[in-house]
Structure formats: structure tokens, C-alpha cells
Amino acid sequence: NNPKEDILTSCKATAMIYNDAQKKWLHCASNGPAKIQLLFSSETQTYRIVGRQIQDHEVVLNHSISKGIKYNQATPTFHQWRDQSSVYGLNFSSKLDAQEFGLTMMKILENV
Ligand SMILES: CC[C@@H]1C=C[C@H]2CCN(C(=O)[C@@H]3CC[C@H]4C=C[C@]5(CCCN5C(=O)[C@H](Cc5ccccc5Cl)NC(C)=O)C(=O)N43)[C@@H]2C(=O)N1CC(=O)O
């Protein structure tokens, strides 16, 4: 881990990506939920979302949170966002995790 990154929030969710051709949601990784974190780098003054599979620590999500992304809290446990190229989804393990994650994401999007 880059020591200069602050963990703003951390939760458990299954990372999904939307396959536009098949019109369906696919798991970013095969085996179960991931630890999803919103990170802030004081060095670069940027935010990013990182997801690591709980089972094998595989990185399944890792991208910066830029001004352009559109975030949508579709249901109390499923949030989604799109950037120029893809649509991502998070299937949260609990409504509380989803609530906290959504609040942190909204605060970040006010500041990028
Ligand atoms: C993991 C299974 C999953 C769980 C939960 C539900 C929740 C609803 N839902 C969906 O996929 C909804 C239903 C219609 C479909 C149609 C299009 C989609 C797919 C691609 C993006 N999208 C947008 O509507 C975006 C959203 C957006 C708005 C604003 C800002 C950003 C974004 Cl991303 N609209 C724009 C204008 O971008 C979409 O989310 N869709 C999920 C769902 O059924 N399932 C079950 C399954 O699939 O079996």
C-alpha cells in the first residue's frame, strides 16, 4: 500500500461490471465479495476506488474517481456508476455499508 493514501471508507461488496453487448451484469471476479475502499492520496490530491477479493486479495477494481463519473444509488444495496468507458456496480453485503459508501462517494464527488 502507498503509505500516503488515507482510507476514507472500507466495506464488503461484490464488484460487478455491465456487459453492454450481452446486456447483463458480470462479476469482476469469480469468487465472492471483495473489500472495497475509497482512498485519498494527499501526495496527488486524488481519490480512487480499490477493490480486492477477500479470498485471494486479487485486485478487481482500481480506478481514480474523476469529476466526470455519474454515481447512482439504484437500490439500498446496489450502487452503480459509469465513466467514459464502462458501467460498474457494487452489490453491498448490507444496507449500512451501502449507506456509508454512498455518503462518502457523494462527498468525494462534491470535491473532485
Ligand atoms: C447485480 C444484479 C443487478 C442488481 C440490482 C439492480 C438495480 C437495477 N439494475 C439494473 O440492471 C437496471 C435495470 C434496467 C437496466 C438498464 C440499464 C442499466 C445497466 C447499465 C446501466 N444502467 C442504467 O440504468 C444506468 C444507471 C445509472 C444512472 C445514473 C448514473 C449512472 C448510472 Cl450507471 N442508467 C444510465 C442512464 O446510465 C441498469 O442499471 N439497469 C440491477 C439489476 O437488474 N440487477 C439484477 C440482474 O441484472 O439480474
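The values are calculated or read from the model by the stated rules, or taken from the named source; none is laboratory data. Here the structure is a predicted model, which means the values were calculated and not measured. Quick reminder, even Gly has a Cβ in these numbers, built from the backbone with ideal geometry, and neighbours come from all protein chains shown. Side chains included, ligands, DNA and RNA excluded: accessible areas come from the protein's heavy atoms. Shrake-Rupley method; radii C 1.70, N 1.55, O 1.52, S 1.80 Å.
Here's how it looks for T46: its modeled amide H is under 5 Å from those of S41, which are all 5 or more places away or on a different chain.
Only loop residues by DSSP count here, and only those with at most 14 other Cβ atoms within 10 Å; note down the GluC sites (Glu not before Pro) in the stretch 1-104 that meet that.
E43, E58
Mind telling me which of L26, L38, L61 comes out most flexible in a GNM of the chain, alpha-carbon contacts under 10 Å? So, out of L26, L38, L61, the one fluctuating most is L26. Divided by 2.2 N^0.38 Å, where N counts the residues, the Cα radius of gyration of the chain comes to 1.01.
Taking trypsin sites (Lys or Arg not before Pro) in DSSP loop states with no more than 11 other Cβ atoms inside 10 Å as exposed sites, the chain has its longest site-free stretch at 68-112. 3J(HN,Hα) along the stretch 26-41, derived from phi through the Karplus expression 6.51 cos²θ - 1.76 cosθ + 1.60 where θ = phi - 60°, amounts to 10, 6, 5, 9, 7, 9, x, x, 10, 8, 9, 10, 9, 10, 10, 9 Hz, with x in place of Gly and Pro. Per residue of the chain, the DSSP helices (runs of n ≥ 4 H) give a summed -39500 (n - 2.57) that works out to -5000 deg cm²/dmol at 222 nm. Residues whose amide H comes within less than 5 Å of that of W25, counting only those at least five positions distant or on another chain, are N19 (H built at 1.01 Å from N in the peptide plane). Using the 1.4 Å probe convention, the accessible area of the chain works out to 59 Å² per residue with neighbouring protein chains retained.
Amide H to amide H, with H built 1.01 Å from N, T9 comes under 5 Å of L38, counting only residues 5 or more places away or on other chains.
Couplings 3J(HN,Hα) of the stretch 19-24, computed from phi: 8, 5, 5, 8, 6, 8 Hz, in residue order, whole Hz [Karplus 6.51 cos²θ - 1.76 cosθ + 1.60, θ = phi - 60°; x for Gly and Pro].
Contour minus end-to-end for L26 and S85, with contour as 0.36 nm per residue of separation and end-to-end as the Cα-Cα distance? Mind dumping the intermediate values first?
Numbers: separation 59, 0.36 × 59 = 21.24 nm, distance 1.55 nm.
Going from the current span to full extension adds 19.7 nm.
Restricting to lysines 8 or more places apart or on different chains, can you count the pairs in the chain with Cα atoms under 17 Å from each other?
Numbers: K12/K35; K12/K95; K35/K95; K67/K107; K70/K107.
For the chain, qualifying lysine pairs total 5.
Karplus-based coupling profile of the stretch 72-88, in residue order and whole Hz: 9, 8, 5, 9, x, 10, 9, 10, 8, 8, 10, 10, 4, 10, 9, 10, 10, with θ = phi - 60° in 6.51 cos²θ - 1.76 cosθ + 1.60 and x standing for Gly or Pro. Expressed as a whole percent, the accessible surface of the chain that belongs to carbon and sulfur atoms is 50, based on a 1.4 Å probe.
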